[in-house]
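Report on the structure given below.
The values are calculated or read from the model by the stated rules, or taken from the named source; none is laboratory data. These numbers were taken from a predicted model, which means no experiment stands behind them. No Cβ is skipped: glycine too gets one built from the backbone with ideal geometry, and neighbour counts run over all protein chains shown. Heads up: the accessible areas ignore ligands, DNA and RNA and are worked out on the full protein's heavy atoms, side chains in. Shrake-Rupley method; radii C 1.70, N 1.55, O 1.52, S 1.80 Å.
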Amino acid sequence: ADLLVQLAREARQKGWWHTYGRALPPWFEAYVGLEAAAVRFRDFQSMVIPGLLQTEDYARAVLRAAPYPGSDDGIDRQVALRMERQNILGQPSPPGLWLVLAESVVRVQVGGPSVMRSQLRQLIDVAERPNVTLQVLPFSTAAHVQPISPFTILDFPDAADPTVVYTEHLTGSLFLEAEEDVGRYTVIFDHLCAEALGTAASIDLIAEVVAESG
């Protein structure tokens, strides 16, 4: 808990993201601080492509589809925040990202065919980076029988800092750092990786979806 409190405090005091004001909910501010400090992400998404890999148009479509989307200006600020967060993947020594996407994520037409094609093409491009591993969990796997909520496992450079599991819900988020909780999510992530397509087959599937959309 001390790590999370400290990072949240630093986020309020020093983080570049404080300039986005109300576009950044208080419960998400701590996560952005953790994200900026992490050296590795293990991410499972069953609903949307994660913010670190979203195009502007896709991000805007996701935000507009929210139950309470807010004003156009507010959405623009949230999109700008997501785009700036993506800078960590372009650093000289970027964090590692291992992403498992449910097949539904690449097939649901968020924002329409044109927006989705651009998003999937960007996903293919990003997957070619040496610090990124991308797998798709196909509909045919047993893992879809028991749906698993999206989660992210974050690792940090200092061995004294515990690994953290982050999950979101409609009105907030949870940070889990107990060894037992982290261990369970790690086992789940490893199971999802084993069930998912390999990296080459995953890219092929995404390319097929792009081709099918015209």
For this session: Output the DSSP H helices from the chain with an along-axis C-alpha extent of no less than 30 Å and a mean Kyte-Doolittle hydropathy no less than 1.0.
Result: none
For this session: Pop out the carbon and sulfur fraction of the accessible area of the chain as a percent, whole number, probe 1.4 Å.
Result: 53
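Mean projection of the alpha-carbon convex hull of the chain over all orientations, in nm²?
Numbers: hull surface 47.9 nm².
Over all viewing directions, the chain projects a mean Cα-hull area of 12.0 nm².
Given a Förster distance of 41 Å, report the FRET efficiency between Glu56 and Thr199 from their Cβ-Cβ distance, rounded to the nearest 0.05.
Working: r = 26 Å, r/R0 = 0.63.
Here the calculated transfer efficiency is 0.95.
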Exercise. Where the Cα atoms of region 144-202 are projected onto their three principal axes, how long is each span, largest first, in whole Å?
Worked result: 36, 30, 19
For this session: Leaving out ligands and nucleic acids, note down the accessible area per residue over region 61-214 with a 1.4 angstrom probe, in whole Å².
Result: 53
Exercise. Which percent, to the nearest 5, of DSSP beta bridges fully inside the chain are antiparallel?
Worked result: 50
Exercise. Once region 81-185 is represented by equal point scatterers at the alpha-carbon sites, with solvent omitted, what log10 I(q)/I(0) does the Debye formula produce at q = 0.17, 0.18 Å⁻¹?
Worked result: -1.14, -1.26
Problem set entry | Using a Förster distance of 35 Å, the FRET efficiency for Glu180-Met47 (Cβ separation, nearest 0.05) | 0.85
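For a test of the definition: using alpha carbon positions, the gyration tensor, and the 1.5 limit on a/c, classify region 36-103 as rounded, prolate or oblate.
Working: a/c = 2.75, a/b = 1.46, b/c = 1.89.
Note, shape of region 36-103 comes out oblate.
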Seminar exercise, completed: If the chain between Glu212 and Thr133 were fully extended at 0.36 nm per residue, the gain over the current Cα-Cα distance would be 26.0 nm
Exercise. Using modelled amide H (1.01 Å from N, peptide plane; none on Pro or chain starts), what sits under 5 Å from the amide H of Val39, excluding residues fewer than 5 places away?
Worked result: Asp155, Phe156
For this session: With runs of 4+ DSSP H residues as the only contributors, calculate the mean residue ellipticity of the chain at 222 nm using -39,500 (n - 2.57) per run, divided by the residue total and rounded to the nearest 500.
Result: -14500 deg cm²/dmol
